[in-house]
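The numbers here are math on the coordinates, done by the rules we state, and not lab data. On a predicted model such as this, the values are computed, not experimentally measured, just so you know. Glycine gets a Cβ as well: all are built from the backbone with ideal geometry, and neighbour counts include every protein chain shown.
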């Protein structure tokens, strides 16, 4: 019997290409750690919608609910859209259906990899952005409307209940990071000087911060945060923000560490969690063997760490550490995929990390 069941959703485009080597490495690291994972693949995404009329079939949703964790590749295809013109994005439906309110987007440079910031402090950059994943400007994305071809309306929604859970998660994360020698500071990123919803978001944050006085807390407007992410990102530790702001800032943070091919992520709720690379399905390079699987491999490591914490399972933590160490060793030894200026194909990246395990 397996220790944990993982629902695997490869999705579209390069999703399948980055998931396959990740599963290979997951099995290898798990075997070395004495851990057994049941990895079961399920259909979802734009191709699934085009073939069946369902982007997230009921059977897939049921498998996700029953799984201990969900590993996702990438979903969507600009050529396949809903009747209203929006793209297929069942990953957003998963966040809503499973209550995955905390989008965790870490940014840490991989040893040996060239990064755009010349300041030596950037090499040791280690920040985490928590993006609220169910509300904000995404909350009613299917209810937006165009009136008389004259104006379009979308609504931004912030609730106390979800914001409090998000902020509590941010302070727990900051406390855990401080225990590891990191600053352990929480920065609320908002636009409280302009929007009523953001003023409310900040007020709830300050109320939660008052319950965690041992952790340093601050508030920064989103435009100033974007400036400092480029100018001096090392001033941040844990950043917490609204959905749309987080969507934008997390890509900016990925740029600081070499690009989306190196940026893992998780969407976490109270009972479920999805782990996936920050990048999309990249149909322009699909099928060419050029996709960088590193972000997906690191997302799998995040999944193992989450399972370790949730279930007090040290073997999961051991397997996660092996995956991270394998990635670090491979790149420190000179591994470079095309998005990092090299020519290592998807398969070669996987083989190099496997050898480094």
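At-a-glance table
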| quantity | calculated |
| --- | --- |
| Whole-Å distance, taken between Cα centres, linking segment 96-127 and segment 128-142 | 19 Å |
| Segment residue 150-residue 199, extension gain: residue separation times 0.36 nm, minus the distance between their alpha carbons | 14.7 nm |
| Highest to lowest packing among 222-228, 252-258, 136-142, scored as the average C-beta count within 10 Å | 252-258, 136-142, 222-228 |
| Cα gyration tensor category, rounded, prolate or oblate, for segment 24-177 with a/c compared to 1.5 | oblate |
| Within segment 88-244, percent of DSSP bridges classed antiparallel, to nearest 5 | 40 percent |
| GNM flexibility winner over the chain from 238, 189, 208 (Cα, springs under 10 Å) | 208 |
| Gyration tensor (alpha-carbon) shape descriptor, the chain, a/c threshold 1.5 | rounded |
| Tensor-based shape of segment 100-253 (alpha-carbon gyration tensor, a/c under 1.5 rounded, otherwise prolate or oblate) | oblate |
| Residue of 292, 148, 343 that the Gaussian network model of the chain assigns the largest fluctuation, springs spanning Cα pairs under 10 Å | 148 |
| Among 209, 345, 50, residue whose mean-square fluctuation peaks in a GNM of the chain (springs only between Cα atoms under 10 Å) | 50 |
| Alpha-carbon centroids, segment 262-285 and segment 323-357: separation in whole Å | 20 Å |
| DSSP beta bridges in the chain [antiparallel fraction, %, rounded to 5] | 45 percent |
| Relative packing of peptides 61-71, 111-121 - highest average C-beta neighbours within 10 Å first | 61-71, 111-121 |
